[in-house]
Amino acid sequence: MMRSAITALLLALVIAAASAFTGTPLQISRVSAAAQSSSRSTLVMRERKCDLLGKTANRKARVVTFSHKRIHKVQQVNLQWKRFYSDDLGRRVRLRLSTKGIKTVNKYGGIDAAAKKFGVNLTKY
């Protein structure tokens, strides 16, 4: 009796351990009904990257100390959340742009012209 209970418990443990590594990630959803209706989720980890220009961090930067040691550091992109009104879509779009990306939008006269120039689909935002 005791031996069969132990084997059943071990079998259940092995099945649970095997199913944990099948590649199906556990998804915890704390999203409101409004966020579920849109394509944007509140808990999505995004890369630190400009949505318009594609600028990413400079991972090759070095700091030279007083003793002349060269230490590597990461220079992050100055990203800002910015809302623009899109005339083509008839609504506002919220983008994560670098400060150079914001200047680029101002240079082209609007988000629609800048997105067309750099091939960005604004319907995702």
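The candidates Ile6, Ile111, Ile102, arranged from most to least accessible area with a 1.4 Å probe in the full protein assembly, appear as Ile6, Ile102, Ile111. Gain on full extension, evaluated as 0.36 nm per residue between Ala61 and Leu43 minus their Cα-Cα distance, stands at 3.5 nm. In terms of distances greater than 21 angstrom between alpha carbons, the cross-link table entries Lys82/Lys103; Lys82/Lys117; Lys73/Lys124; Lys55/Lys107; Lys69/Lys100 yield Lys73/Lys124; Lys69/Lys100. With both labels modelled 7 Å from their Cα along Cα-to-Cβ, the Phe118 to Thr99 distance reads 1.6 nm.
Shape of region 49-125 from the C-alpha gyration tensor: prolate (a/c of 1.5 or more and a/b above b/c, with a ≥ b ≥ c the square roots of its eigenvalues). Each peptide among 8-17, 63-72, 115-124, 50-59 gets the average number of other Cβ atoms lying within 10 Å of its residues, and from highest to lowest they stand as 50-59, 115-124, 8-17, 63-72. For Arg92, put the label point 7 Å out on the Cα→Cβ axis and report which residues of region 44-67 keep their amide N under 19 Å from it. Once the point is set 7 Å along Cα→Cβ of Arg92, 51-52 turn out to lie under 19 Å by backbone N, inside region 44-67.
Rolled with a 1.4 Å probe across the full set of protein chains, the surface gives Tyr125 an accessible area near 50 Å². For region 40-86, a simple Cβ point-charge model (Lys and Arg +1, Asp and Glu -1, everything else neutral) yields a dipole of about 160 debye relative to the Cα centre. In this simple spin-label approximation, Met1 and Asn78 carry label points 7 Å from Cα along the Cα→Cβ vector, and these lie 7.6 nm apart.
The values are calculated or read from the model by the stated rules, or taken from the named source; none is laboratory data. Just so it is clear, the model here is predicted, and its values are computed rather than measured. Glycine also receives a Cβ, built like all others from the backbone with ideal geometry; neighbour counts cover every protein chain displayed. Ligands, DNA and RNA are excluded from the accessible area calculation, which covers all protein heavy atoms including side chains. Shrake-Rupley method; radii C 1.70, N 1.55, O 1.52, S 1.80 Å.
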